[in-house]
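See structure below.
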Amino acid sequence: MKLEKSKLLENKTIQISGSKSISNRLLILENLFNNIKIGNLSNSQDTQLLKKALEENTEVVDIHHAGTAMRFLTSYYSIQEGKTTILTGSKRMKERPIKNLVTALQNLGVEIEYLENEGFPPLKIEGRKITETKVDVPANISSQFITSLLLIAGKLQNGLEINLVGEITSRSYIEMTLNILTKFGIKNSFIGNTIKVEATNHQLSTINYEVESDWSSASYFYSFAALGRETIHLKSFYKKSTQGDSAIAEIYEKFFGIKTTFTEDEHKLTLQPIENFQFPEKIMLDMNNCPDIAQTLCVTAAALKIPFEISGLGTLRVKETDRLLALHNELKKLGTETEFTDLTITSISFNEPDDNISIKTYQDHRMAMAFAPFCLIKELNIEEEDVVEKSYPMFWEDLKLILTENS
């Protein structure tokens, strides 16, 4: 995808699809409890793959690159009594660790076998009734592992108590899950490092659930607003969001001067640049609760040549790609030298961008979309542009609504 050097148009409005994170949680709960009607379901590839897997009654389930589906379905199939399921995915999926979730389920009495490499998909899952009530889980692992257990917890005969051992990562995503369970009528508590979900053996009332649009998808437009200094409107969002990535609003106001206002009756966000905003000398930020928007922030800072030191990024190395290594490699093409550890990425120097910039995406949707706003600075090419289908299939079409070629 070649992106010409562009200018941001003023006051354009984008309708973003439902949150992938919320949609995927709701699909599991819908299939377990049969008491929900979902509106504004995400049109992302991940969500559609999960929906298809839940609809088809097959022994072998291939979820391709959909990491969320792999994690949520591991627990879901574990409680399908008498059913054997082989859960597999793409080559990259077979490299993404799942041992902590599998170990937790095994400790609850589920029989799960690794079919290739220990600790990684594909898995052979023998569904059964879980009667155990307590399990310890490392707190610094992907929140999706914990959410996977929480989604089935209300369906267990005796409920479930999860003790999170150590410092909690991505707490906001766990709280999002618990908030959804509460709306369903599934009682739960989160005190200290202990989460309790009560068994839900009674029939739950039917509810209509309109999925809020995806804040991580919104993040790319915050980057466009920060670089292009024009107002953008986004729909459909809620002021009191349960999505961890809604932190983007506060982060971009503080560091890049993009003020967010809400129009409640239209569920609309307005991203408005603050006039004469003084950019910070350096950005120091812990993104432990919102690591998925770190790539967006790093590209924005690189484009504006603002030094940055971002921490709390431990989960990025086991995503669709090693995102810290990918960022390090591709930011260099924008003229930004960085160094990184397992938890941090820090800018070292800013130089002139390469000529003929071509951004590798490493089969990672967020790499493609996070780097796209740099077209407001200089022409660039995004390789494997179709990767955006994983979370935001309409991304390139929506960019056409807000950009004009800067001739």
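Some notes on this structure:
- The lone criterion from (1) out of contact with any Pro (no Cβ under 6 Å at 6 or more places or on another chain); (2) crowded, with 22+ Cβ neighbours inside 10 Å left unmet by residue 92 is number (2).
- Subset of segment 27-49 (residues that are touching a strand residue (DSSP E or B) at 6+ places or on another chain (Cβ under 6 Å) and surrounded by fewer than 23 Cβ atoms within 10 Å (Cβ to Cβ)): 30, 36, 37, 38, 39, 40, 41
- Residue 156 being in contact (Cβ under 8 Å) with a residue 40 or more places away in the chain and within 12 Å of residue 74 (Cα to Cα): no
- Number of residues in segment 132-143 that are part of a loop (DSSP other than H, G, I, E, B) and either modelled with pLDDT of 95 or more or open to solvent by 40 Å² or more (accessible area, probe 1.4 Å) (or both) equals 3.
- The listed residues are 324, 331, and the only one of them that is open to solvent by less than 10 Å² (accessible area, probe 1.4 Å), at pLDDT 95 or above and either closer than 24 Å to residue 382 by Cα or not acidic (Asp, Glu) (or both) turns out to be 331.
- Count of segment 165-195 residues which are basic (Lys, Arg) and buried (at least 18 other Cβ atoms within 10 Å of the Cβ): 0
- If the condition is being open to solvent by 30 Å² or more (accessible area, probe 1.4 Å) and closer than 19 Å to residue 18 by Cβ, then segment 248-262 contributes only 262.
- Considered as a group, the residues in segment 345-367 that are without any contact (Cβ under 8 Å) to a residue 40 or more places away in the chain and surrounded by 21 or more Cβ atoms within 10 Å (Cβ to Cβ) include one that is nearest to the chain's Cα centre (by Cα), and that residue is 361.
- Selection within segment 330-359 - under 19 Å from residue 283 (Cα atoms), polar (S, T, N, Q) and not in a loop (DSSP other than H, G, I, E, B): 336, 338, 346, 347, 349
- Checking each residue in segment 88-131 for being under 21 Å from residue 151 (Cα atoms), free of Cβ contacts under 8 Å to residues at least 40 places away in the same chain and in a helix (DSSP H, G or I) picks out 99, 102, 103, 106, 107.
The values are calculated or read from the model by the stated rules, or taken from the named source; none is laboratory data. Predicted model, so just to flag it, every value in this text is computed and none were measured. When we count neighbours, we look across all protein chains shown, and the Cβ atoms used for this are built from the backbone with ideal geometry, even at glycine. Side chains are part of the model used for accessible areas, which takes the heavy atoms of the whole protein and leaves out ligands, DNA and RNA. Shrake-Rupley method; radii C 1.70, N 1.55, O 1.52, S 1.80 Å.
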